[in-house]
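K.L.:
After the structure tokens below, expect a handful of questions from me.
The values are calculated or read from the model by the stated rules, or taken from the named source; none is laboratory data. Keep in mind it's a predicted model, so treat the numbers as computed, not measured. Here the Cβ positions follow ideal geometry from the backbone for every residue, glycine too, while neighbour counts run over all protein chains shown. Keep in mind that these areas ignore ligands, DNA and RNA; they rest on the heavy atoms of the full protein, side chains included. Shrake-Rupley method; radii C 1.70, N 1.55, O 1.52, S 1.80 Å.
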Amino acid sequence: METDAPLAPLEDACTIVLLRDGPAGLEALMLERPNHSRTFGGAWVFPGGKVDPADRVDSAGGRLGVFAAAQVAGLRELAEETGQHLSLNDLVWLSQWTPMQHLPRRFRTWFMLAAAASDRVILNREEHDRYSWMSPAEALREHSAQEMTLVPPTWVTLHHLARMESVAQALEQGRSTAPFIYETQLLIPEPWIRPTGHGPAGLLWAGDEAYPGARDPAGARHRLTMTGLPWVFERTV
């Protein structure tokens, strides 16, 4: 239903995509959220969380900018959830995700790549049930087989990383490529695709012909179609 009500205010968060070189290639650390969790219950996610007030203050008592505070929060959450301790210099900005829909809470989330300090993970059992080092392709296959629950930002990030052969390659591409700002809109299903009309057919981003206010040519695509498994990501340049 369309509404003119204002969107919920944005809250800031940060996700750390922790990488290592496994026996068969690139692997990412995945954490399983408890089923009873209010946020992404039962989903497999990367370490991270919301920015706390203390994250916005530097060691001298000055106020940090939004981006710097997000990085501080990401490093803090990483240490709390996995026992891995990294520094700001270890982080490579990959993307930023902002939901542009009416949701009870909206998180503007920065995604950072980083090489793992070690293979050792000390799991915080209050926040996650299990962890696994997985190749991006393996995680996507398990999602397609309904053996793993992924949320769209995690899925798209894994889809991007599936082309990478090593941590060095992933970090180098991250450093040399401008981070993409994903301001997410809903792809509304056509009646003949989903007759019930419940839920979106997928997600849209700038560069797609159907994105609100877009002036892209007919057939331009930047979307994630979610009407069936496996999900389908399309991006024309």
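K.L.:
Under 8 Å for C-alpha pairs, at least 6 residues apart: give me the relative contact order for the chain, rounded to a whole percent.
P.N.:
Working: 463 pairs, mean separation 47.1, N = 237.
Here the relative contact order equals 20 percent.
K.L.:
Give me the percent of the accessible area of the stretch 101-183 that comes from carbon and sulfur atoms, probe 1.4 Å, all protein chains in place.
P.N.:
47 percent
K.L.:
Counting alpha carbon pairs within less than 8 Å and at least 6 residues apart, what relative contact order, in whole percent, applies to the stretch 28-101?
P.N.:
Values: 72 pairs, mean separation 15.7, N = 74.
Answer for the stretch 28-101 is 21 percent.
K.L.:
Would you tally the net charge around residue 83, using a Cβ to Cβ cut-off of less than 14 Å, leaving residue 83 out, and scoring K and R as +1, D and E as -1?
P.N.:
For residues surrounding residue 83, the net value is -3.
K.L.:
I'd like to know which of 237, 156, 140 lies farthest towards the positive end of the charge dipole of the chain, counting +1 on Cβ of Lys and Arg and -1 on Cβ of Asp and Glu.
P.N.:
Result: 237.
K.L.:
Now for a separate question. Order 65-72, 206-213 from most to least packed using the mean count of other Cβ atoms within 10 Å.
P.N.:
The densest-packed peptide leads the list: 65-72, 206-213.
K.L.:
Per residue of the stretch 216-225, what does 6.51 cos²θ - 1.76 cosθ + 1.60 with θ = phi - 60° give for ³J(HN,Hα)? Whole Hz please, x for Gly and Pro, Karplus curve as stated.
P.N.:
Residue by residue, the stretch 216-225 yields 7, x, 4, x, 5, 10, 7, 8, 10, 8 Hz.
K.L.:
Below 8 Å, C-alpha to C-alpha, sequence gap of six or more: please give me the relative contact order for the stretch 73-167 in percent.
P.N.:
That works out to 23 percent.
K.L.:
Sort 17-28, 216-227 by packing, meaning the average of other beta carbons within 10 Å per residue, with the highest value first.
P.N.:
17-28, 216-227
K.L.:
Rank 177, 107, 82 by how far each Cα sits towards the positive end of the charge dipole of the chain (+1 on Lys, Arg Cβ; -1 on Asp, Glu Cβ) and give me just the farthest.
P.N.:
Ranked along the dipole, the leading option is 107.
K.L.:
Please report the equivalent ellipsoid semi-axes of the chain, computed as sqrt(5 x eigenvalue) of the Cα gyration tensor, largest first, in whole Å. Intermediate values should be presented prior to the final figure.
P.N.:
Values: eigenvalues 165, 95, 69 Å².
Semi-axes, largest first: 29, 22, 19 Å.
K.L.:
Taking only protein heavy atoms and a 1.4 Å probe, what accessible area per residue, in Å², does the stretch 1-121 have with all protein chains in place? Write out the running numbers ahead of the final one.
P.N.:
Values: 6030 Å² over 121 residues.
For the stretch 1-121, the solvent-accessible area averages 50 Å² per residue.
K.L.:
To the nearest 20 debye, what is the magnitude of the charge dipole of the chain about its Cα centre, counting +1 on the Cβ of each Lys and Arg and -1 on the Cβ of each Asp and Glu? Please list the in-between numbers first.
P.N.:
On the way: 21 positive and 29 negative charges, 44 e Å.
Charge dipole of the chain: 200 debye, to the nearest 20.
K.L.:
Quick check for me: using +1 on Lys/Arg Cβ and -1 on Asp/Glu Cβ, what's the dipole size of the stretch 1-138 about its Cα centre, in debye to the nearest 20?
P.N.:
180 debye
K.L.:
Sticking with this structure for a sec: Mind listing the long-range amide H neighbours of residue 37? Cut-off is under 5 Å, sequence gap 5 or more, other chains count too, H placed in the peptide plane at 1.01 Å from N.
P.N.:
42
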